[in-house]
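Q: Got a structure for you, questions after.
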Amino acid sequence: MKITPKYSEEDLVQLLKQRDETAFKFLYDNYASALYSVILSIVPEAETARDVLQDCFVKIWRMMDQYDPSKARLFTWMHSVARSGAIDAVRSKHWKNARLNGPVVDGQHVVPGMAVEYIGLRKSVHQLKEEHRVLVELSYFQGYTHEEISKQVNIPMGTVKTRLRAALTQLRKMVTLLFL
């Protein structure tokens, strides 16, 4: 029976900064599934999401010296690296070209990564007020951060957050009515 070492976050960070491979294996074994979930929420294609996860861990390994424990916990920092990598992948030219050239199945156009359960949600989003719909589209379907949305639509970040919260409340009510 193989015993996996346990590290405090501080010890793990120190070992990672010293390029300890056992500590990196521990990091991967204990955090890969959580980071994969983060990536998969932005990049809904499993194969691409796995590629992004691999790139994410390479980036974590290379950038470990830049990690500052006084600014964020290790998982928070890794979450940020994973999320940024996923958003970069979705915005890349390769991703956009692949989506334009998506497969056609049974005579219906299938958007890559678009699960069947999103169809009703998309219709519900289109029923929102324009000011809410645009923000939901940018945030949840295109992966923009609140700050990026604020700059793009030229409204304060607090307003973006408030409108998104209101939109999500409305969507929750709509979806609840659909399933009653």
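The values are calculated or read from the model by the stated rules, or taken from the named source; none is laboratory data. This one's a predicted model, so the numbers in the text were calculated from it and none came from an experiment. Because the Cβ atoms are built from the backbone with ideal geometry, glycine has one as well, and the counts that use them run over all protein chains shown. Remember, those area values only see protein heavy atoms, side chains included, never the ligands or the DNA or RNA. Shrake-Rupley method; radii C 1.70, N 1.55, O 1.52, S 1.80 Å.
Q: Yes or no: Ile149 more than 19 Å from Ile42 (Cα to Cα), at pLDDT 85 or above and out of contact with any Pro (no Cβ under 8 Å at 6 or more places or on another chain)?
A: So Ile149 fails the test.
Q: On the given criteria, is Glu9 closer than 20 Å to Gln142 by Cα, surrounded by fewer than 12 Cβ atoms within 10 Å (Cβ to Cβ) and either touching a Lys or Arg at 6+ places or on another chain (Cβ under 8 Å) or modelled with pLDDT under 90 (or both)?
A: no
Q: Follow-up question, since we're still on this one. Mind checking which residues of region 36-82 are more than 9 Å from the chain's Cα centre (by Cα) and in a loop (DSSP other than H, G, I, E, B)?
A: Selection gives Pro44, Glu45, Tyr67, Asp68, Pro69, Ser70, Lys71, Ala72, Arg73.
Q: Looking at Phe57, Phe24, which one is of a type in the set (Phe, Trp, Tyr), modelled with pLDDT of 90 or more and either assigned by TED's automatic domain parsing to the domain that holds Ile149 or crowded, with 18+ Cβ neighbours inside 10 Å (or both)?
A: That would be Phe57, the only listed residue that is of a type in the set (Phe, Trp, Tyr), modelled with pLDDT of 90 or more and either assigned by TED's automatic domain parsing to the domain that holds Ile149 or crowded, with 18+ Cβ neighbours inside 10 Å (or both).
Q: Sort out which residues of region 60-77 are in contact (Cβ under 8 Å) with a residue 12 or more places away in the chain and open to solvent by less than 60 Å² (accessible area, probe 1.4 Å), and write them in order of number.
A: Hits for region 60-77 are Ile60, Met63, Met64, Tyr67, Leu74.
Q: Another question, if that's okay. Looking for something under 22 Å from Thr145 (Cα atoms) and assigned to a helix (DSSP H, G or I) - is there at least one such residue anywhere in region 9-32?
A: No, region 9-32 contains no residue that is under 22 Å from Thr145 (Cα atoms) and assigned to a helix (DSSP H, G or I).
Q: Could you grab me the full set of residues in region 123-144 that are open to solvent by 40 Å² or more (accessible area, probe 1.4 Å) and either assigned to a helix (DSSP H, G or I) or modelled with pLDDT under 85 (or both)?
A: The answer is Lys123, His126, Gln127, Glu130, Glu131, Arg133, Val134, Tyr140, Phe141, Gln142, Tyr144.
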